[in-house]
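Report on the following structure.
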Amino acid sequence: GAGVSQSPSNKVTEKGKDVELRCDPISGHTALYWYRQRLGQGLEFLIYFQGNSAPDKSGLPSDRFSAERTGESVSTLTIQRTQQEDSAVYLCASSSGQAQETQYFGPGTRLLVL
Amino acid sequence: AQSVAQPEDQVNVAEGNPLTVKCTYSVSGNPYLFWYVQYPNRGLQFLLKYITGDNLVKGSYGFEAEFNKSQTSFHLKKPSALVSDSALYFCAVRDIQRGYQLIWGAGTKLIIKP
């Protein structure tokens, strides 16, 4: 596609439920990033995928968070046993993988945990 | 430690006046510097970046930024502000010695008043 897409755009869930967020990167982009943005705050790095290398999971806030990526395409971010503090916008970005290259962002998934 | 500072939470400018959004950084090596804009309920859009070469970088929507190595700054500027420039602006830096990860500023809310 022309840009990064994410689904769903909005998700409301109850505390304790699991949620799965999806990201479709720009075709050909080998690098994929997940970020969390709490209301009125900056971006918090969660996880990074680059090609077939082991992902960098150093930003995941707890073991309730996990992410997968199939090859160089779709990625899913899963949050198990959601908590109210998980409420945020989850942003996905992709890039060509070169250090100087720009990250292009999707529109985000707005998650609300009740 | 690698860091990015956007010292102003909010900047108010009258339409037609020049605007500046400040960014300073701290990295151990040579930086790659980026500016992104976020409109309400939207993802981040790339504005411009500095990789190497000319210290004055021109980007989208009439914005430009000047890389100042001695002051470790990368301030975003525009000669004449538009009401439609009102948004949240993020500065980010990549330390090329540390690879791929972007370090993000907390963001500056720019308000352009008619």
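Can you run the Rg to Rh ratio on region B:1-97? Use alpha carbon positions and the Kirkwood inverse-distance Rh. On the Cα set of region B:1-97, Rg over Rh gives 0.95.
Say the dipole of chain B comes from +1 at the beta carbon of Lys and Arg and -1 at that of Asp and Glu; which of B:112, B:10, B:67 then lies farthest toward its positive end? Comparing the listed Cα positions along the dipole, B:67 ranks first.
Converting phi to 3J(HN,Hα) with the Karplus coefficients 6.51, -1.76 and 1.60 and the offset θ = phi - 60°, region B:52-64 yields 6, x, 4, 5, 9, 10, 9, x, 6, 6, x, 7, 9 Hz in sequence order, with x at every glycine or proline.
Stretching the chain fully between residue A:5 and residue A:17 yields a gain of 1.9 nm (0.36 nm per residue, less the alpha carbon separation). Across region A:106-111, rounded Karplus estimates of 3J(HN,Hα) from the backbone phi angles (6.51 cos²θ - 1.76 cosθ + 1.60, θ = phi - 60°) give x, x, x, 10, 8, 9 Hz, Gly and Pro being marked x. Taking region A:50-114, which chymotrypsin sites (Phe, Trp or Tyr not before Pro) meet the DSSP loop condition and have no more than 10 other C-beta atoms within 10 Å? Answer in residue order: no site qualifies. Mean-square fluctuations from a GNM of chain B, with a 10 angstrom spring cutoff on Cα atoms, peak among B:12, B:41, B:30 at B:41.
Loop only per DSSP, at most 13 neighbouring Cβ atoms within 10 Å: give me the trypsin sites (Lys or Arg not before Pro) in region A:63-99, ordered by residue number. Taking region A:63-99 and a limit of 13 other Cβ atoms within 10 Å, the loop trypsin sites (Lys or Arg not before Pro) found are A:81. Extension gain for the segment residue A:68 to residue A:84, taken as residue separation times 0.36 nm less the Cα-Cα distance, is 3.4 nm to one decimal. Once the Cβ-Cβ distance of residue B:14 and residue B:61 is raised to the sixth power relative to R0 = 22 Å, the FRET efficiency obtained is 0.75. Highest mean first, the peptides A:38-44, B:74-80 sorted by other C-beta atoms within 10 Å per residue fall in the order B:74-80, A:38-44. Ranking B:22, B:49 by solvent-accessible area of protein heavy atoms (1.4 Å probe, all protein chains present), from largest to smallest, gives B:22, B:49. Put B:104, B:35 in order of accessible area, highest first, and with a 1.4 Å probe you get B:104, B:35. Surface composition of chain A: carbon plus sulfur atoms contribute 45% of the solvent-accessible area (1.4 Å probe, protein chains only, all chains present).
The string of couplings for region A:10-26 from the Karplus curve (6.51, -1.76, 1.60, θ = phi - 60°) is 9, 9, 10, 9, 8, 3, x, 7, 8, 10, 10, 10, 10, 9, 10, x, 5 Hz, one whole number per residue in order, with x for Gly and Pro. Across the alpha-carbon set of region A:1-111, the Rg to Rh ratio works out to 0.95, Rh being the Kirkwood radius.
The values are calculated or read from the model by the stated rules, or taken from the named source; none is laboratory data. This is a predicted model, so every value here is computed, not measured. In this analysis, Cβ positions are derived from the backbone assuming ideal geometry, glycine residues included, and neighbour counts consider all displayed protein chains. Heavy atoms of the whole protein, side chains included, go into the accessibility calculation; ligands, DNA and RNA do not. Shrake-Rupley method; radii C 1.70, N 1.55, O 1.52, S 1.80 Å.
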